[in-house]
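Participant: Shown below is the structure under consideration.
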Amino acid sequence: MEVMLRRSNFRDYYDIYSILKSGISTNNLVFRALTYSSNKLKSKNLLAMLTNRSRFTRDTHFEQLQLTYTVATQEIEDYIKSYSQEHK
């Protein structure tokens, strides 16, 4: 999550989606990102960033990865929003 402050690649967005699909909670991810950044990030800003799919552009080599999920930015945004609501 912290790397997304410096770049907005779809692969980072996809990675977060995959982590959430594996069962890790949004709260856990946010807590870890805040801790890693020495609390320079705010959870509200981090969650706002995650639910703004227009920030994430698909990089040219993304399709060369061995993907577990076939998913678009809209689907990831919707999943993160619904996942965050369910796990408050």
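Laboratory data are not the source of any read-out in this text; all were calculated from the coordinates shown. All values reported here derive from a predicted model rather than from experimental measurement. Glycine gets a Cβ as well: all are built from the backbone with ideal geometry, and neighbour counts include every protein chain shown.
Participant: Using 7 Å Cα-to-Cβ label points, what is the ASP59/SER38 separation (nm, one decimal)?
Facilitator: 2.7 nm
Participant: Still on this model: Before anything else, pin down the relative contact order of the chain: Cα pairs under 8 Å, at least 6 apart, normalised by residue count, whole percent.
Facilitator: Over the chain, the number comes to 42 percent.
Participant: Calculate how steeply helix 73-86 sits against the longest principal axis of the alpha-carbon atoms of the chain, using the helix alpha-carbon long axis, and give the answer as 0 to 90 degrees to the nearest 10.
Facilitator: 30 degrees
Participant: May I ask for the Kirkwood hydrodynamic radius of the chain, worked out over all distinct Cα pairs and given in angstroms to one decimal?
Facilitator: 13.3 Å
Participant: For helix 10-21, report the angle its Cα long axis makes with the longest principal axis of the Cα atoms of the chain; keep it between 0 and 90° and round to the nearest 10°.
Facilitator: In the chain, helix 10-21 runs at an angle near 70 degrees to the longest axis.
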